[in-house]
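J.: After the structure tokens below, expect a handful of questions from me.
The values are calculated or read from the model by the stated rules, or taken from the named source; none is laboratory data. As the structure is a computational prediction, the values presented were derived from the model and not from experiment. Counting neighbours? That spans all protein chains shown, and the Cβs are built from the backbone with ideal geometry, glycine included. Just the protein is used for accessible areas: all its heavy atoms, side chains included, with ligands, DNA and RNA removed. Shrake-Rupley method; radii C 1.70, N 1.55, O 1.52, S 1.80 Å.
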Amino acid sequence: MKRPAHDSLARVAGRLARGSELVWQRRSEALAAWVRAGRRDDLTGWRAMLGPAFRLAILGGAVWLVARLVRARPVLMWAFAVGWLVAAWRASRPAPDEEGEDASEDEPEQGPAAADPNAVRRLLADLIGDRPGVHLSAVLAHLQARGLGEGWEVAELRARLEAQGVPVRRSVKVAGRVAYGVHRDDLPAPSPSEAADRAA
């Protein structure tokens with residue numbers, strides 16, 4: 001009798017956990033990008049790092065201020081918790097086809113999650129070229145320029161690639177910039193059918 005309620009609670013908890021991970025990744029990536037954007041390309045050495053250091057100081061001050069406010073008014077922690085849960089719930093909102101709304105059986109899902117693994121590997125290999133790897137932001141931009149992955153963010157692309165068995169590293173350095181990406185060493189090996197096609 002209690003099983004349906006237990007399953008519903010587990011689904012809610014799972015959705016909030018996935019949403020929390022998405023929210024955390026989006027916020028951290030946005031803040032990291034904001035800090036990196038403070039770097040001056042017209043300067044070198046420590047002077048070029050003054051901008052990022054100043055922005056880090058601003059973030060540190062903001063964290064300190066929020067901590068002081070919460071200690072002075074503990075009820076604010078409840079407001080922050082509720083705000084986080086709402087953001088996590090929204091971030092993990094299923095796509096319409098997952099909810100069974102406006103779903104079309106004839107319309108395939110867009111992007112790597114539903115793509116042929118060989119096609120995903122070839123796409124990544126093409127985007128990597130002779131570089132060490134490719135950032136997920138570049139993969140996403142490539143897909144969206146072709147009408148795929150509309151509305152996706154980097155975290156969603158990462159989840160879809162990992163569902164395809166493609167490892168995603170936190171720190172891939174390409175053109176002097178470090179971000180989430182796929183390293184050339186982690187590209188899946190071609191399937192036997194693709195290898196046979198190449199050999200033919």
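J.: Any chance the stretch 113-130 includes a residue that's in contact with a Leu (Cβ under 6 Å, 6 or more places away or on another chain), modelled with pLDDT under 90 and closer than 24 Å to Ala30 by Cβ?
T.: Checked the stretch 113-130: no residue is in contact with a Leu (Cβ under 6 Å, 6 or more places away or on another chain), modelled with pLDDT under 90 and closer than 24 Å to Ala30 by Cβ.
J.: Can you confirm whether the stretch 176-195 contains a residue that is acidic (Asp, Glu), crowded, with 16+ Cβ neighbours inside 10 Å and within 22 Å of Ser28 (Cα to Cα)?
T.: Scanning the stretch 176-195 turns up no residue that is acidic (Asp, Glu), crowded, with 16+ Cβ neighbours inside 10 Å and within 22 Å of Ser28 (Cα to Cα).
J.: Hey, another quick one. Could you list, in sequence order, the residues of the stretch 21-67 that are of a type in the set (A, V, I, L, M) and at pLDDT below 85?
T.: Leu22, Val23, Ala30, Leu31, Ala32, Ala33, Val35, Ala37, Leu43, Ala48, Met49
J.: Pick from the stretch 155-175 the residues that are hydrophobic (A, V, I, L, M, F, W, C) and at pLDDT below 85: which of them is most open to solvent (accessible area, probe 1.4 Å)?
T.: Result: Ala175.
J.: Go through the stretch 142-151 and count every residue that is part of a loop (DSSP other than H, G, I, E, B) and surrounded by fewer than 20 Cβ atoms within 10 Å (Cβ to Cβ).
T.: Number satisfying all stated conditions: 5.
J.: Give the residue, chosen from Ser28, Ser8, that is over 18 Å from Ala179 (Cα atoms), among the hydroxyl-bearing types (Ser, Thr, Tyr) and either free of Cβ contacts under 8 Å to residues at least 40 places away in the same chain or surrounded by 12 or more Cβ atoms within 10 Å (Cβ to Cβ) (or both).
T.: Ser8
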